[in-house]
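Colleague: Take this structure, written in structure tokens, and hold onto it; I'll ask about it next.
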Amino acid sequence: MTTYEDLTPYAYSGEVTGPVVNVGWLGAESRFEVGEPGPGFAEALSALVRFDHVRPTRGWHQCRLCGPGAAYPVCEPDGDGEVVLGSAEIDVPGTGVVYAAPNLVYHYVVRHHYRPPAGFVRAVLARAEASAGAWEETKRSLSAGTPVRGEIRGYHVTGLWLDLPDRPDVDAFIPNDLYGPYGVGENREHVAFHVPVDAVVVGHSDRERRVVLRV
């Protein structure tokens with residue numbers, strides 16, 4: 001993975017414009033401050049790499065700090081599961097600037113004791129709090145039994161994703177067995193993609209911050 005000094009202008013992706021700076025683009029030769037993360041920081045950073053990631057890639061970057069023989073891809077425990085790192089970035093709005101970091105920054109903090117710039121730490125704590133509040137509001141406004149209309153945009157072996165035009169920020173998912181009277185099964189020819197679909201909210205997944213629907 002390309003390395004950059006902290007707080008230098010962001011240049012990794014041409015998609016990004018504006019006052020964006022680098023944080024946590026570390027390699028084997030990088031020199032950085034070390035220390036234990038402050039209260040709540042690791043948890044806040046974990047939430048952002050799970051729920052607020054941007055610019056995904058098709059593969060994974062390795063951790064160059066771990067050395068030869070390191071696990072690939074990089075995974076870190078997260079609650080009852082784990083989070084896979086090295087294939088996306090996070091953008092964290094700060095005061096007059098946006099901090100762009102690879103999602104490996106979480107691994108660097110919890111395993112290599114990397115201490116990011118103080119402004120980034122403050123921005124992560126604020127962003128995670130706002131994101132958690134937005135999820136709680138989503139659960140209130142899209143409670144179980146709420147009817148919704150959207151378009152099925154994608155298929156996964158476990159179910160279907162639904163785009164909600166009125167709520168583009170919501171991750172809405174239809175498990176295979178909740179699509180129609182017979183479910184999706186192994187044959188998805190009867191699934192209607194990119195046409196209006198009526199569904200109803202049946203629950204929420206806090207782990208994925210996902211609204212679960214039935215069609």
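All of the numbers you see were taken from the coordinates with simple rules; none came from a lab. Only a predicted model underlies this, so the values are computations on that prediction, with no experimental measurement involved. We place every Cβ from the backbone using ideal geometry, glycine too, and count neighbours over all the protein chains shown.
Colleague: Starting from the Kirkwood radius over alpha-carbon pairs of region 20-139, derive D by Stokes-Einstein at 25 °C in a medium of 0.890 mPa s and give it in µm² s⁻¹.
Modeller: On the way: Rh = 14.7 Å.
For the chosen part, D equals 167 µm²/s.
Colleague: Now a separate question. Taking only Cα atoms, what is the 0 to 90° angle, nearest 10, from helix 118-141's long axis to the longest principal axis of the chain?
Modeller: 10 degrees
Colleague: Right, something else. Just checking the chain: which Cys have no other cysteine's beta-carbon under 4.7 Å?
Modeller: Lone cysteines by the Cβ rule: CYS75.
Colleague: Round to the nearest 0.05 the FRET efficiency obtained for ALA118 and CYS66 when R0 = 22 Å and r is the Cβ-Cβ distance.
Modeller: According to the calculation, E is roughly 0.25.
Colleague: Compute a Gaussian network model of the chain, connecting alpha carbons closer than 10 Å, and tell me which residue from ALA100, ALA88, ALA199 fluctuates the most.
Modeller: Comparing ALA100, ALA88, ALA199 in the GNM, the peak value goes to ALA199.
Colleague: Further question on the same structure: Report the antiparallel proportion of the DSSP beta bridges in region 1-103 as a percent, rounded to a multiple of 5. Kindly include the intermediate steps, with their values, before the conclusion.
Modeller: Numbers: 13 of 16 bridges.
For region 1-103, the DSSP antiparallel bridge percentage is about 80.
Colleague: Hey, what do the phi angles of region 196-207 turn into as Karplus ³J(HN,Hα) couplings, whole Hz, using 6.51/-1.76/1.60 and θ = phi - 60°, x for Gly and Pro?
Modeller: Each residue of region 196-207 in turn: x, 10, 8, 9, 9, 6, 10, x, 9, 10, 5, 4 Hz.
Colleague: Post the alpha-carbon centroid distance, region 3-42 to region 61-90, in whole angstrom.
Modeller: With region 3-42 and region 61-90 each reduced to a Cα centre, they are spaced 16 Å.
Colleague: Want the number for THR95 to VAL34: 0.36 nm per residue separation, take away the alpha-carbon distance, what's left?
Modeller: Length difference between fully extended and current span is 19.6 nm.
Colleague: Go ahead and estimate [θ] at 222 nm for the chain from helices alone: -39,500 (n - 2.57) per DSSP H run with n ≥ 4, summed, over the residue count, rounded to 500.
Modeller: -6500 deg cm²/dmol, from helical runs alone.
Colleague: Give me the extension gain from ASP163 to ARG149: residue separation times 0.36 nm, minus the current Cα-Cα distance, reported in nm with one decimal.
Modeller: Result: 4.2 nm gained on full extension.
Colleague: Taking other Cβ within 10 Å of each residue's Cβ, how do ILE152, ILE174 sort, fewest first?
Modeller: The order, fewest Cβ neighbours first, is ILE152, ILE174.
Colleague: Still on this structure, I have one more. Positive end of the charge dipole of region 20-139 (Lys, Arg +1 and Asp, Glu -1 on Cβ, about the Cα centre): tell me which of CYS75, PHE32, TYR108 has its Cα farthest that way.
Modeller: Towards the positive end, the residue furthest out is PHE32.
Colleague: Quote the charge dipole size of the chain about the Cα centre in Debye, to the nearest 20; the model charges only the Cβ of Lys and Arg (+1) and of Asp and Glu (-1). Mind dumping the intermediate values first?
Modeller: Numbers: 19 positive and 28 negative charges, 17 e Å.
Charge dipole of the chain: 80 debye, to the nearest 20.
Colleague: For a Förster distance of 25 Å, can you work out the FRET efficiency between the beta-carbons of ARG111 and ASP206, rounded to the nearest 0.05?
Modeller: Details: r = 25 Å, r/R0 = 1.01.
According to the calculation, E is roughly 0.50.
Colleague: Here's something else I'd like to know. Under a 5 Å amide H to amide H cut-off, with H placed in plane at 1.01 Å, what residues pair with LEU213 once short-range neighbours are removed?
Modeller: Counting only residues 5 or more places away or on other chains, the set is PHE173, ILE174, VAL202.
Colleague: Follow-up. 7 Å from Cα along Cα→Cβ at both GLU136 and LEU7: what's the point-to-point distance in nm?
Modeller: 3.3 nm
Colleague: Out of every Cα pair in the chain, what percent are spaced more than 30 Å from each other?
Modeller: Values: 7657 of 23005 pairs.
Cα-Cα pairs in the chain separated by more than 30 Å: 33 percent.
Colleague: How high is the relative contact order of the chain, in percent, with contacts defined as C-alpha pairs under 8 Å that are six or more residues apart?
Modeller: About 17 percent, as a whole number.
Colleague: Please work out how much length the chain gains when fully extended from ASP198 to CYS75, using 0.36 nm per residue of separation minus the C-alpha to C-alpha distance, in nm with one decimal.
Modeller: 40.6 nm
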